[in-house]
Amino acid sequence: MPHAPSTQLRADVTVVGAGAAGLFCALAAAREGARVALVSRSPLDGSASYWAQGGIAAALSVDDSPERHAQDTLAAGRGAARPSAVKVLCDDSPRRVRELQVLGVRFDGDRTGGLALGLEGGHSERRIVHAGGSATGRRVTRQLAALAATHERIDVLEQTTASALRVSDGRCTGVSAVGQDGAFTIVSRGTVLATGGAAALWGRTTNPPGAVGVGLALAHAAGADLADLEFMQFHPTALVSNGPRDGFLITEAVRGEGALLLDSAGERFVDELAPRDEVALAIESRLRASGEPSVALDLRAVDISRFPNIGEVLAEEGIDPATETIPVAPAAHYTMGGVATDLDGRASLPGLYAVGECACTGLHGANRLASNSLAECFVLGGRASAAARHEPGPSDPGAAAEAMLPAPPSEASRDALWRNAGLRRSAEGLSELSDDPFPLARLIAGACRAREESRGAHQRTDFPDLDPALDASHAVVGPDGSVRMERWE
Ligand SMILES: Cc1cc2nc3c(=O)[nH]c(=O)nc-3n(C[C@H](O)[C@H](O)[C@H](O)COP(=O)(O)OP(=O)(O)OC[C@H]3O[C@@H](n4cnc5c(N)ncnc54)[C@H](O)[C@@H]3O)c2cc1C
């Protein structure tokens, strides 16, 4: 139920963020009997989840299996993914898709009445369920938000920002928040960060402006470990435009349906269905060689009516995809790193959890496989809901220190991240970034410097090769900002 906060609220579970991960986690906890406070600072369309186009990866076809999905995920992760996290995702994802159907999400069907399964880069099978063509995120979040808004055990606190985590006796005991009626606190057993990623920290991005690593900053200030901040995924095909639609993502599902990438000579130069890191680097090399701002995405073989929101944006841009190619280039897209968690979303600070894009379970390694992130929101969101509601309550709900959110990044810091921690990095650029005034930029620089190799989304011009000694390793950023390389179990 929508709720006007008093000075202190109590809940079993506080969930910060109402994208796919937060909504699903809140609904799952409430279904099991927990009283939930759901804190959301933006309207629905401000979450990355709302913008998701392609869909949700799940091994649902008779020709497919969780093992094959796991093999594809591990291969895309370039030797850095955590096998146990990959197994959890691939085993549980089909069940979570069915759960979403029970919750009322209507996925696109095929002619036989089954689910229509799409193909995307890096997947060896058709396994992407989608809704409304390329409007999957919109359809799913609308349905989950409608359920959360009317659930009797969920207090939805809209237009409310979690400004600090509360920490008492080495345990997270809730959040301090600012809503329309002023500041208040929420005391809870478990606190779940579901605040989304950090790709909008980079100057060129596909993400909504709020995706600036809020959960990472909150968790770091409260003393929790972060991991793998060096792994920012660059999506290969974001629109290049002088207008407000610059950075609009054109899903790789269109490449699954036959779209081609062409260089300035009109020639193909990459396997369009290779994993994202490979395609993005191939485009970056072409752009560097030609000095052009974009390559061409040719959609002439694709029925654009199947991707209505892409058709709408291209029409706004005055591009007819039936006769013209589309200028595209890479943009920062997905944060593989985040708050370091176990496979139930537990952070290193007791009482604190992180799920969805703000978390790092190690699932994605150095390169996320397409459509695994929405699947992660539901699989890990569900698991964390069960663990968080069983945390012991705070001994003294009144006494707590506040770990505050820093000020948002400046345009200069966003430019510096794009320039110095973009598709290719070097020690020189990273040492410039290490002096940036924005704290998260400095932490990202530290993680990039610590990984002295090139792997997946992290390409160092001064360490151009993959170092096998770093297979299955992740870079842990401690509360003091120091970085240590650790191996996944
Ligand atoms: C254009 C685009 C297309 C994509 N397509 C796909 C796809 O097809 N398949 C796929 O698997 N993935 C896709 N992704 C990635 C995927 O959408 C995201 O990884 C996923 O939706 C993240 O969900 P989330 O719930 O973790 O975060 P988000 O959906 O970003 O939600 C975060 C929420 O936290 C709130 N918040 C943040 N800070 C605070 C605070 N301090 N207090 C209160 N609230 C706060 C925000 O307002 C927001 O509501 C796409 C991403 C983009 C940008």
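No lab work stands behind these numbers, since they all come straight from the coordinates. Everything numeric in this text was worked out from a predicted model, so none of it was measured. FYI the Cβ positions are ideal-geometry reconstructions off the backbone, even for glycines, and counts take in every protein chain you see.
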**Prompt:** Based on the mean of other beta carbon atoms within 10 Å per residue, what is the order of 32-42, 108-118, most packed first?
**Reply:** 32-42, 108-118
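Which percentage, to the nearest 5, of the DSSP beta bridges contained in segment 1-156 is antiparallel? Intermediate results must be reported in sequence, preceding the final value.
On the way: 5 of 13 bridges.
Counting DSSP beta bridges with both partners in segment 1-156, the antiparallel share is about 40 percent.
Once you compute Rg and the Kirkwood Rh from C-alpha atoms, what is the Rg to Rh ratio for the chain?
Numbers: Rg = 21.3 Å, Rh = 22.4 Å.
Here the Rg-to-Rh quotient is 0.95.
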**Request:** Set the Förster distance to 25 Å, then compute FRET efficiency between E152 and V102 from the Cβ-Cβ distance, nearest 0.05.
**Result:** 0.85
**Prompt:** When the Debye formula is applied to the Cα atoms of segment 40-100, each taken as the same point scatterer, what base-10 log of I(q)/I(0) results at q = 0.16, 0.21, 0.22 Å⁻¹?
**Reply:** -0.65, -0.89, -0.93
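Helix-only estimate, please: 222 nm mean residue ellipticity of the chain, summing -39500 (n - 2.57) across DSSP H runs of length 4 or more and dividing by its residues, to the nearest 500. Before the final figure, lay out the partial values.
Details: 13 runs with 145 residues, N = 489.
Mean residue ellipticity at 222 nm (helix-derived): -9000 deg cm²/dmol.
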**Request:** Would you grab the residues whose amide H sits under 5 Å from the one on A331? Only those 5+ places off in sequence or on another chain, please, with H modelled 1.01 Å from N.
**Result:** H235, A238
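Grab the beta carbon distance between S61 and T461, set R0 = 41 Å, and tell me the FRET efficiency rounded to 0.05. Can you show the working numbers first?
Working: r = 41 Å, r/R0 = 1.01.
Once the sixth-power term is evaluated, E becomes 0.50.
Once you list every other residue whose beta carbon is under 10 Å from the beta carbon of D108, what net charge do they have if Lys and Arg are +1 and Asp and Glu are -1?
Working: positive: R106, R139, R306; negative: D110.
Computed value for this residue: +2.
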**Asked** Taking the Cα-to-Cβ direction at E428 and at S395 and moving 7 Å from each Cα, how far apart do the two end points lie in nm?
**Response** 5.6
**Asked** Karplus couplings for segment 15-24 from phi (6.51 cos²θ - 1.76 cosθ + 1.60, θ = phi - 60°), rounded to Hz, Gly and Pro as x?
**Response** 10, 9, x, 10, x, 4, 5, x, 4, 5
